[in-house]
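The structure appears below as C-alpha cells.
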Amino acid sequence: MTPRRWILTAISFLLAFGASVYIIRSSWLEEGARVGLPLWGHLACLTAAFLELLCRSIKIRLSGAALRIPLDLRTSMRASLGGDFGAAITPARSGAEPARFLILREAELPVADALVILFLELFLEMLSLAALAVALAFALGSASSAVHGLVALVGGYSTLVIGLGVIGYTASRRWADGPAPAWLPRLGMSDRRWHAVQLSLRHLRANVTKMRSARWWFMASSLVFSILHVLMRLTILPIIVFALGARTAIGPLVLWPLAIYYGGAVSPAPAGGGLIELAFRGALNDHIPAAFLGAALLWWRVYTFYVLLVGGALVTGAAVLRSLRRDGVADMVTE
C-alpha cells in the first residue's frame with residue numbers, strides 16, 4: 001500500500017475509534033451503566049473467537065483435501081488470520097483474498113492450487129449463508145416481521161453472490177477465448193482490459209472444472225465447518241449481552257450482527273470508518289438496554305474484529321519477512 005493509503009486507513013480507524021467512544025460515553029449517561037465484562041464473559045468470548053477461527057481454518061484445510069491439495073491446519077489458520085488483516089486495512093475488505101493468497105504462496109503452494117482453494121472457500125461461504133438463512137427462518141418462525149426481513153436479506157445476499165458466480169461461469173464458457181464481442185467497444189472497454197477480463201474468466205472456468213472432480217465427502221464436511229464458523233461468530237454478542245446482565249430477545253442479537261458484518265463488506269472505508277459502530281447502535285438500540293449498549297459494542301468489536309486484526313498483522317508481517325529473507329538469500333546465491 002502507498003503512504004497515502006496508509007494515511008487514509010489510519011483516518012478510517014480513528015473514525016471507528018471515535019464512533020465507539022461516542023457511543024460508550026452516551027451509555028454512561030444511563031444509571032447503572034457499565035463497561036467491564038466479568039471474567040467468565042471474557043473467557044467465553046475468547047473461546048468463541050478461537051473456535052470461529054479454528055472452524056474457518058478447518059474449512060480451508062478440508063477444501064484443499066476435497067481437491068486433493070495437501071494443506072496443513074497451521075497454514076490454513078495463518079491464511080485465515082492473514083485474510084482478516086487484509087480485509088481490515090482495505091476498502092470493502094478487498095484485501096482479504098490477496099492476503100490469503102500471499103500466505104498460501106509463501107507456504108509454497110502452487111498458484112493454481114491457491115486460487116482454486118480460495119474460490120471453493122468463497123463458494124462454500126455463500127452456501128453456508130444461504131443454509132443459515134433457511135434454518136433461521138424456521139427457527140424464528142414466530143419472530144417479528146423485522147426479523148423475517150433480516151433473514152430474507154441474508155438469504156438474498158448469498159443468493160445474489162451465488163447467482164453472480166453462475167453468470168460468471170456461463171460467461172467463462174462463452175467468452176474466455178477468442179475475440180471480443182462486437183458490442184464491447186461501445187461500452188468503452190479497451191482490448192487490454194478485455195484480455196484481463198478473459199484471463200479472469202479462464203481462471204474461473206479452470207477452478208469450476210477442477211471442482212467437478214472434488215471429493216464430495218470432504219466438500220460437505222468443509223461446508224459444515226463453514227456453517228459452524230458463522231454460528232461461532234454469532235454467539236459472541238449474546239454472550240456479551242448476557243454477561244453484562246441484560247436480558248433481551250436473542251433473535252436480534254444473532255441476526256443484526258450477521259447483517260452488519262456482511263453488509264459492512266460494501267463499506268468503502270477500511271474498518272468501516274465508524275459506519276459499523278453507527279449501524280450497530282441504530283440496529284440494536286431498541287434491543288439492548290441503553291446502559292449496556294456501549295459496552296456491548298466495545299467488546300463485540302474487540303472479539304470479532306480487533307483480536308483477529310492483531311493476530312493477522314503478526315502472521316502477515318512474519319510471512320512478509322520470511323519472503324524477504326528468502327529473496328535476499330536467493331539474490332546472494334545468484335550473485
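The values are calculated or read from the model by the stated rules, or taken from the named source; none is laboratory data. Because the structure is predicted, anything quoted here is derived from the model rather than measured. Every residue, glycine among them, receives a Cβ derived from its backbone with ideal geometry; neighbour counts consider all protein chains shown.
For beta carbons closer than 6 Å, sequence separation of 6+ or different chains, a first residue in region 283-298 that is crowded, with 21+ Cβ neighbours inside 10 Å and a second that is assigned to a loop (DSSP other than H, G, I, E, B) and of a type outside the set (D, E, K, R), the qualifying pairs are PHE292/LEU244; PHE292/ALA246; ALA295/VAL35; ALA295/LEU244; ALA296/ILE288. If the condition is being of a type outside the set (Val, Ile, Thr) and either surrounded by fewer than 16 Cβ atoms within 10 Å (Cβ to Cβ) or without any contact (Cβ under 8 Å) to a residue 40 or more places away in the chain (or both), then region 43-53 contributes LEU43, LEU46, PHE50. Residue count for region 67-111 under the criterion of being buried (at least 22 other Cβ atoms within 10 Å of the Cβ), touching a residue at least 60 places away in the same chain (Cβ under 8 Å), closer than 18 Å to PHE225 by Cα and not small (Gly, Ala, Ser): the result is 3. Determine if region 241-248 includes at least one residue that is in contact with a His (Cβ under 8 Å, 6 or more places away or on another chain) and part of a loop (DSSP other than H, G, I, E, B). So far as region 241-248 goes, yes, one or more of its residues are in contact with a His (Cβ under 8 Å, 6 or more places away or on another chain) and part of a loop (DSSP other than H, G, I, E, B).
Listed here are the helices (runs of 4 or more DSSP H) enclosed by region 129-239 that have at least 3 residues being modelled with pLDDT of 75 or more and closer than 30 Å to THR47 by Cβ: 216-234. Can you find a residue that is surrounded by fewer than 21 Cβ atoms within 10 Å (Cβ to Cβ) and polar (S, T, N, Q) anywhere in region 248-259? Yes; the residues of region 248-259 include at least one that is surrounded by fewer than 21 Cβ atoms within 10 Å (Cβ to Cβ) and polar (S, T, N, Q).
Within region 215-247, being without any contact (Cβ under 8 Å) to a residue 60 or more places away in the chain, closer than 14 Å to ARG56 by Cβ and either surrounded by 22 or more Cβ atoms within 10 Å (Cβ to Cβ) or in contact with a Pro (Cβ under 7 Å, 6 or more places away or on another chain) (or both) holds for one residue alone: LEU234. Report whether or not PRO3 is touching a Gly at 6+ places or on another chain (Cβ under 8 Å) and either farther than 25 Å from VAL315 by Cα or surrounded by fewer than 19 Cβ atoms within 10 Å (Cβ to Cβ) (or both). So PRO3 does not fit the description; no.
Please work out if PHE85 is over 17 Å from VAL320 (Cα atoms) and in a helix (DSSP H, G or I). No; evaluated as a whole, the condition is false for this residue.
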